[in-house]
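Here the structure is laid out as structure tokens; the discussion comes afterwards.
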Amino acid sequence: KKVTDKPTGTTLDSTWQAAAEHALAAEPKGRNTSLVALRADTGEILAVANSPAGGFNRAVSGTYAPGSTFKLVTSSALLMKG
């Protein structure tokens with residue numbers, strides 16, 4: 001794997017990130033939660049947060065079944081793929 005000295009860009013937004021962390025901090029202790037904020041028209045990731053902050057990163061590494069609102073997207077993709 002080649003490593004370069006070029007800087008890596010990000011679409012994370014510090015205002016959105018702070019809001020996400022603040023929202024999760026308000027959750028009751030012991031409750032595992034995660035939040036990912038996306039810009040729908042571009043797919044940019046604006047914020048990624050987990051609660052509690054330490055430990056397993058559910059937002060990035062967790063696996064979840066698609067929710068009801070996402071079934072239309074997955075169904076359309078399957079139909080288009082054949």
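For every residue, the table says whether it meets (1) hydrophobic (A, V, I, L, M, F, W, C); (2) not in a strand (DSSP E or B).
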site: ALA19; (1), (2): yes, yes
site: LEU24; (1), (2): yes, yes
site: PRO28; (1), (2): no, yes
site: SER34; (1), (2): no, no
site: LEU38; (1), (2): yes, no
site: ASP41; (1), (2): no, yes
site: ASN50; (1), (2): no, no
site: GLY55; (1), (2): no, yes
site: VAL60; (1), (2): yes, yes
Return the pair list, or none, for Cβ contacts closer than 7 Å from residues in region 30-54 that are under 11 Å from ASP13 (Cα atoms) and modelled with pLDDT of 90 or more to residues that are in a strand (DSSP E or B) and acidic (Asp, Glu), at least 6 apart or on different chains. LEU38/GLU44
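Tell me, yes or no, whether region 4-14 has at least one residue that is assigned to a helix (DSSP H, G or I) and at pLDDT 90 or above.
yes
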Considering only residues that are surrounded by 13 or more Cβ atoms within 10 Å (Cβ to Cβ) and among the hydroxyl-bearing types (Ser, Thr, Tyr), look in region 1-47 and name the one that is nearest to SER61 (Cα to Cα). SER34
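The values are calculated or read from the model by the stated rules, or taken from the named source; none is laboratory data. Bear in mind the structure is a predicted one, so any value in this text is a computation, not a measurement. Please note: Cβ atoms are built from the backbone with ideal geometry, for glycine as well, and neighbour counts cover all protein chains shown.
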